[in-house]
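One structure is given below, encoded as C-alpha cells.
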Amino acid sequence: EDFIFDRHETVDGGHGRIETRSYTITSDIDWLPNKEQWMGLKSIGMVESIREVNGEASRERRLYITSLGCDAKKFGEAVRNHWGIENSVHWVLDIAFREDESRIRAGHAPENLAALRHIALNLLKKDKSFKGSIKTKRLNAAMDVEYLQEVVFS
C-alpha cells in the first residue's frame, strides 16, 4: 500500500551559510494510536534542516502534529512563522530581562521566573503611557514606583 504525503523544499542563504529545509507532511494517520486525544489533529509533519556554514554541515529533524491538511508548503510557512514569533519573544526576553544569563536552576524556580518574565513583558508591551523600548520601560518601572503601579494596575 502506498503512503500518501506532500513535500516542499526551501533553500536560504546569506552571511556565509546555506540552509536547506525539507517539509514533509501526511494526513495518512489512521495507523496513529490515540489520535482522537488530539482535538483537530489532521496531519503529522517533519522538517529536516541541513545547515552548511564554512563547509561544515549539520542536520536537524523536528516532528510536528498539526490541524493543517496535507499541504507541505502551508506546513512550512506555519512552522517558519511559529519560530519567527518564538525567536522574537526570546530575543526581547534576553535583551530586556537578560534571561539567558540567569543561573537559577533549582526546583520550579526557572519555570516560575520565566512565567513572571512573560507576565512583565506582556504588561510592558501593553503600556502606551511611556514611549521607549521594553528594556527602557523595565528600567523606568524599577526606578519610578508610580510608573510601575500604572503598568501593573492599568
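The values are calculated or read from the model by the stated rules, or taken from the named source; none is laboratory data. Just so we're clear, the structure is a prediction, and the values are computed from it rather than from any experiment. Quick reminder, even Gly has a Cβ in these numbers, built from the backbone with ideal geometry, and neighbours come from all protein chains shown. Note: accessible area is taken over every heavy atom of the protein model, side chains too, but ligands, DNA and RNA are not part of it. Shrake-Rupley method; radii C 1.70, N 1.55, O 1.52, S 1.80 Å.
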What number comes out for the charge environment of Leu148, summing +1 per Lys or Arg and -1 per Asp or Glu over other residues with Cβ under 11 Å away?
-2
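Which value, in Å², gives the accessible area per residue of segment 102-153 when a 1.4 Å probe is used on the protein heavy atoms? Could the numbers behind the result be given before it?
Working: 3910 Å² over 52 residues.
Accessible area per residue: 75 Å².
Can you tell me the relative contact order of the chain? Whole percent, Cα pairs under 8 Å, sequence separation 6 or more.
Numbers: 183 pairs, mean separation 24.0, N = 154.
Normalised by residue count, the contact order of the chain is 16 percent.
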In whole percent, how big is the carbon plus sulfur part of the accessible area of the chain, probe 1.4 Å, protein atoms only?
55 percent
Scattering profile of the chain at q = 0.16 Å⁻¹ [log10 I(q)/I(0), Debye over alpha-carbon scatterers]
-1.00
For the chain, how many pairs of lysine residues have a Cα-Cα distance under 24 Å, where the two are 8 or more positions apart or belong to different chains?
9
Whole angstrom only: what separates the Cα centroid of segment 88-154 from the Cα centroid of segment 29-57?
33 Å
